[in-house]
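Quick notes on the structure that follows.
The values are calculated or read from the model by the stated rules, or taken from the named source; none is laboratory data. The model shown is predicted, which means the values in this text are computed figures rather than measured ones. Here the Cβ is made from the backbone with ideal geometry for all residues, glycine too, and neighbour counts use every protein chain on show.
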Amino acid sequence: MRLTAHPIELHLTDPFRISRSVQHVASNVVVEVSHHGVIGLGEAAPSKYYGERSETVRAALPGFAEALGDDPFQHEEVMARLEQVLRLQPAAKAAIDMALYDLQGKLLNVPLYTLLGLNPQRTPLTSFTIGLASPAEMARKAQAASAYPIFKVKVGTQNDVENIKAIREVSQATIRVDANGGWTPKEAIRTINALAPYNIEFVEQPVIAHDLAGLKLVRENVDVPIFADESCVALEDIPRLSECVDGVVLKLMKSNGIAAVLKMIHAARACHLKIMLGCMIESSLAITAAAHLTPLVDYADLDGNLLVSDDPYRGVTVADGKLILPTGPGLGVQNARTTHTSIPID
Ligand code: MG
């Protein structure tokens, strides 16, 4: 198998502000894994929070190219070899994993959901994310996004109650909130109890990632379900989180891609945890890859492609909030733009 890659820049329609950072552009990397003229596509959306940048993804690729071998169906072995080449760098590995699945589907002429044995009708609704801003601006964003039945609202500031109140005054949509670890356990308990009258479905990552005791304390002192996102990265995180939270947020980009997230989904089920599949700021390429897994999960937050103005791919669509999977082979993703030049990786 041969590997080529090219960087893509995705510009956010509005600056994307969360409790710890603000983002204007996502610098992602598209990879192409080819085998006898058939090309599988993958995308890395590196996150500084998880120790990656576009440059580190591209630096990882030559070593990965050598480890691909020549059998695209030996998925587990290829991914194990990547792990030996380089530890960490989960988004870089997710891009290769996704491209292998795309390639397998194209070689067999079946969509990825068929390859995985999943019913494409069972996709959940996706939420639409509202980043941090003033109460008036967040209410305006909620009104502009009235086509979506579920909002995921960023919190983790001193103004959370005012912000949620302003959105609630203009919308009856389901509201989930995500603090991205922005509260102390005490602040979390106080704020979540103050937000509860506004009908909050669940709270993501109220406290900093490593504070599992804090997650447990929050869960014991509020009536709104608590989900772990940044605290849940690897398979072994799942059993230890089962005593601390009600659910977990899984993402291809923090956990090495589809094959690894499949294992995490089954582990979470065994631990009676609810599951949401989330994303970074990604084009329709990586969002579609994640969407193929959603028949297995309870909730989806796959809107990274909806937040950018220059998505170069077409794949999964959203109708009244529901994810509609493409029916083409592999990921079923098409390039929506003119051609690009991919750089061979040797
Ligand atoms: Mg989150």
Whether any residue in segment 118-127 is crowded, with 20+ Cβ neighbours inside 10 Å, modelled with pLDDT of 95 or more, touching a strand residue (DSSP E or B) at 6+ places or on another chain (Cβ under 7 Å) and farther than 23 Å from Lys263 by Cα is what I want to check. yes
Need pairs with beta-carbon distance below 7 Å; first residue in contact (Cβ under 8 Å) with a residue 24 or more places away in the chain and under 19 Å from Ala144 (Cβ atoms) and within segment 169-182, second away from the ligand (no atom under 16 Å from the Cβ) and of a type in the set (Phe, Trp, Tyr); sequence gap 6+ or separate chains. Ala173/Tyr148; Ile175/Tyr198
Can you find even one residue in segment 300-318 that is away from the ligand (no atom under 16 Å from the Cβ) and among the aromatic types (Phe, Trp, Tyr)? yes
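When you look at Val297, is it more than 14 Å from Asp102 (Cβ to Cβ) and of a type in the set (Val, Ile, Thr), yes or no?
yes
Would you confirm, using the coordinates I've provided, whether Val297 is within 13 Å of the ligand (Cβ to nearest atom) and of a type in the set (Val, Ile, Thr)?
no
With within 18 Å of Ile8 (Cα to Cα) and touching a helix residue (DSSP H, G or I) at 6+ places or on another chain (Cβ under 8 Å) as the only criterion, which of Ile343, Ile287 stands out? Spell out the reasoning first.
Working: Ile343 fails: touching a helix residue (DSSP H, G or I) at 6+ places or on another chain (Cβ under 8 Å).
Checking each option against the conditions leaves just Ile287.
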Within segment 32-54, restricting attention to residues that are part of a loop (DSSP other than H, G, I, E, B) and in contact with a Leu (Cβ under 9 Å, 6 or more places away or on another chain), which residue is surrounded by the most Cβ atoms within 10 Å (Cβ to Cβ)? Ala45
Just checking, how many residues over segment 157-187 are within 16 Å of the ligand (Cβ to nearest atom) and in contact with a Phe, Trp or Tyr (Cβ under 6 Å, 6 or more places away or on another chain)? 2
Which numbered condition Asn163 misses (of (1) within 13 Å of Ala228 (Cα to Cα); (2) part of a helix (DSSP H, G or I)): (1)
Determine which member of the set Pro111, Pro135, Pro124, Pro149 is in contact with a helix residue (DSSP H, G or I) (Cβ under 8 Å, 6 or more places away or on another chain), more than 28 Å from Ala234 (Cβ to Cβ), away from the ligand (no atom under 16 Å from the Cβ) and touching a residue at least 60 places away in the same chain (Cβ under 8 Å). Pro111
Does Val29 satisfy the condition of being aliphatic (A, V, I, L, M), buried (at least 19 other Cβ atoms within 10 Å of the Cβ) and either assigned to a strand (DSSP E or B) or in contact with a His (Cβ under 8 Å, 6 or more places away or on another chain) (or both)? yes
Suppose we filter Gly304, Gly315 for residues that are farther than 18 Å from Leu262 by Cβ and either of a type in the set (A, V, I, L, M, F, W, C) or touching a residue at least 40 places away in the same chain (Cβ under 8 Å) (or both); which single one remains? Gly304
Check off (1) within 18 Å of Ala133 (Cβ to Cβ); (2) buried (at least 16 other Cβ atoms within 10 Å of the Cβ) for Phe202 and give me the number that stays unchecked. (1)
Look at segment 58-72 and say how many of its residues are in contact (Cβ under 8 Å) with a residue 40 or more places away in the chain and either touching a His at 6+ places or on another chain (Cβ under 7 Å) or surrounded by 19 or more Cβ atoms within 10 Å (Cβ to Cβ) (or both). 6
Scan segment 291-346 for residues that are surrounded by 15 or more Cβ atoms within 10 Å (Cβ to Cβ) and in a loop (DSSP other than H, G, I, E, B) and report the count. 19
From Asp237, Asp246, Asp223, Asp229, residue being farther than 22 Å from Pro90 by Cβ and within 16 Å of the ligand (Cβ to nearest atom): Asp246
